[in-house]
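See structure below.
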Amino acid sequence: MTRWDSDIEGEMAMRDEVGGAFPREGVRPAAEIWADLTAKGRALTNTRIVDLFGRDADRFMAFSAAQQDMLLDYSKEKIDRDVKGLLIELAHSAGLDQWRERMFAGEIVNGTERRAARHNLLRERRPSLAGVADMREQFLEFAEDVRSGKRLGVSGKRFTDIVNIGIGGSFLGPKLAVDAMAPFADGPRIHFVSNVDPWQFHRTVDELDPARTLFICASKSFTTQETMLNTRAALDWAATRLGPKAVEQHFCAITAKPEVARQHGFAPENIFQIWDWAGGRFSIWSSMGVCVAIRAGRRNFEAFLGGGAEIDQHFREAPLEHNLPVLLALIGIWRRNVMKQPAYVLSPYEDRLAAFPDYIQQLEMESNGKSVNRDGEAMELDTAPVVFGGAGTNTQHSFFQKLHQGTDVAPVDFIVGAETPTAALHAQAVLLANCLAQSKALMTGLSEQEARERLQAKGMDEAAVEKLAPHMACPGDRPSTTLMYKSLDPRTLGRLIALYEHKIFAQSVIWGIECFDQWGVELGKRLTEDLLRSVDEPEAWEKEDASTGGLLAWRKSLMNG
């Protein structure tokens, strides 16, 4: 028998109060450390990154760290050994060690919602909460039944297509994992419907065979507007073509509110539990990943969980100066707060990770996009940077122009594998060469004199050389970090995602902000519900601001011709 929310929460030990910082004994106050970091930032302003390599023959070894076959190289960041020491000291001063233990111990670390953050439990080999293990077994068995044909549709046919209906964390994580595990996948095809725009739903389902289509409806509350509108459309579509029995055999639900899913007609055995202590953007490890398990199989999904658990152990046990999530967090702090760089780029040189920047965009900006600290006081420090990116080499032919020659500096996190699961070894070498060349070019740049010499070597006349050289010159001295691993398999994907999860948590501790709530998102949802009631009621528009009222009036005039 599956154990739901109340049983599991009863097992969890949570404190009633959320404490502040826990500085290590003997560590200086954060204000002093920030002052020293600011001074170091000013001192390094006119020092080029290439010159830092000239000063330190062991720079690569000093500014890189590994977790088994995964290497983090941050030697191309504009930091030196003094800066690294100060950043580590800052982490200790913020009490990162203690906050980390509180999270793993199941204590409250989400202060505004009075919750723990236990997403690490979802990937433990033997979860300490029995309900987690039970639910994992339930959804993995379901996935295997769909894959094997034990689970059939109302017409007795095997499922060939799965439509995952969900938005935010119910879409971005599953989409990323399905794409990334493509070489390991042999199950039914997975399709995603997230947008409330009806075009996406109909474009997806109109070419599918209803008798061979299974819908997964994923919503933590089972009230998310976009997801429920698409769910109702799917229920109508299936019932029209397959009859009223379709909901029992062609639909399953993923939710923290199973009773609400039952009210919509979902069979109890087709409802898979998630919990409030794992936010949607941290939930890919749970039954939220059932479509991934259907596509790639139980063994690969368990390898994915195992990779995440490896990083949990690494984050918990590795000294801060060798701790990959902590180092990523500190590099981000240095970029954002000392170098004053408001954005950074995620550039995975794996087409299967094309969705990774979108996934991290939500994970990071929804978690740390805050303007008050844990006590509700206005922040004096800037928090989450803007995250954007895409798959290399595509991005080299779009926004990398700005990275090389634009007036703003946006650091880059390069992500690349040493091997490919295909036989195209030369193409993989080209991909790797592109990645490393971009990071090198950002650092070294091309001086105007070097551009001039290149043009002269081509025999160009002097007047043309003088005119063109300034346009060719690239300032360089633009920082980047490179994360390299052996091969993108399910285990490595799990490590990548958990690595950035813990990075984001570590940054929230140093900034002293709440990481696990998202009240800005909630505001938008509430205003949408309020506004929806007045869209077609002109008398209500007077209560709106002039812009909103004017736009509604303009819409009405367009619809009336």
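The values are calculated or read from the model by the stated rules, or taken from the named source; none is laboratory data. Every value quoted in this text rests on a predicted model; they were computed, and no experiment measured them. Quick reminder, even Gly has a Cβ in these numbers, built from the backbone with ideal geometry, and neighbours come from all protein chains shown.
Yes/no per residue for (1) closer than 30 Å to residue 168 by Cα; (2) among the aromatic types (Phe, Trp, Tyr); (3) surrounded by 11 or more Cβ atoms within 10 Å (Cβ to Cβ):
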{"position": "357", "(1), (2), (3)": "yes, no, yes"}
{"position": "378", "(1), (2), (3)": "yes, no, no"}
{"position": "386", "(1), (2), (3)": "yes, no, yes"}
{"position": "408", "(1), (2), (3)": "yes, no, no"}
{"position": "444", "(1), (2), (3)": "no, no, yes"}
{"position": "456", "(1), (2), (3)": "no, no, yes"}
{"position": "459", "(1), (2), (3)": "no, no, no"}
{"position": "466", "(1), (2), (3)": "no, no, yes"}
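For residue 486, the criteria (1) buried (at least 18 other Cβ atoms within 10 Å of the Cβ); (2) at pLDDT 95 or above hold in every case but one, which is (1). Return a yes/no flag: does the stretch 514-535 have any residue that is closer than 22 Å to residue 360 by Cα, among the aliphatic types (A, V, I, L, M), crowded, with 21+ Cβ neighbours inside 10 Å and in contact with a helix residue (DSSP H, G or I) (Cβ under 7 Å, 6 or more places away or on another chain). The answer is no; no qualifying residue exists. Note on the stretch 398-473: enclosed helices (runs of 4 or more DSSP H) holding 2 or more residues that are of a type outside the set (Asp, Glu) and modelled with pLDDT under 95 are 425-444.
For the criterion of being in contact with a Pro (Cβ under 6 Å, 6 or more places away or on another chain) and of a type outside the set (Ser, Thr, Tyr), residue 479 passes. Would you check if residue 332 is surrounded by 23 or more Cβ atoms within 10 Å (Cβ to Cβ) and over 18 Å from residue 63 (Cα atoms)? It is false that residue 332 is surrounded by 23 or more Cβ atoms within 10 Å (Cβ to Cβ) and over 18 Å from residue 63 (Cα atoms). Of all positions in the stretch 524-533, none carries a residue that is at pLDDT 95 or above and under 34 Å from the mean Cα position of the chain (by Cα).
Here the condition is being surrounded by fewer than 18 Cβ atoms within 10 Å (Cβ to Cβ) and among the small types (Gly, Ala, Ser); of 30, 39, it holds for 39 alone. Just so you know, in the stretch 140-185 the residues that are touching a Cys at 6+ places or on another chain (Cβ under 8 Å) and among the β-branched types (Val, Ile, Thr) include one that is surrounded by the most Cβ atoms within 10 Å (Cβ to Cβ), and it is 165. Checked against (1) of a type in the set (Lys, Arg); (2) closer than 22 Å to residue 328 by Cα; (3) in a helix (DSSP H, G or I), residue 478 passes all but a single condition, namely (3).
Every residue, every condition in (1) surrounded by fewer than 19 Cβ atoms within 10 Å (Cβ to Cβ); (2) in contact with a Gly (Cβ under 6 Å, 6 or more places away or on another chain); (3) under 17 Å from residue 161 (Cβ atoms), yes or no:
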position	(1), (2), (3)
221	yes, no, no
225	yes, no, no
228	yes, no, no
235	no, no, yes
238	no, no, yes
241	yes, no, yes
244	yes, no, no
251	no, no, yes
256	no, no, no
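Residues of the stretch 441-469 that are out of contact with any strand residue (DSSP E or B) (no Cβ under 6 Å at 6 or more places or on another chain) and either assigned by TED's automatic domain parsing to the domain that holds residue 413 or in contact (Cβ under 8 Å) with a residue 24 or more places away in the chain (or both): 441, 443, 444, 447, 448. None of 541, 554, 511 is within 21 Å of residue 381 (Cα to Cα) and among the hydrophobic types (A, V, I, L, M, F, W, C) except 511. Counting the residues of the stretch 26-70 that are among the basic types (Lys, Arg) and under 18 Å from residue 439 (Cβ atoms) gives 2. In the stretch 145-257, counting only strands (runs of 3 or more DSSP E) that sit wholly within it, the ones holding 1 or more residues that are in contact with a helix residue (DSSP H, G or I) (Cβ under 8 Å, 6 or more places away or on another chain) and closer than 25 Å to residue 516 by Cα span 161-165, 213-218, 251-255. Return the residue satisfying two criteria in turn: it lies in the stretch 338-374 and is in contact (Cβ under 8 Å) with a residue 60 or more places away in the chain and of a type in the set (S, T, N, Q), and of such residues it is farthest from residue 67 (Cα to Cα). Out of the qualifying residues, it is 373.
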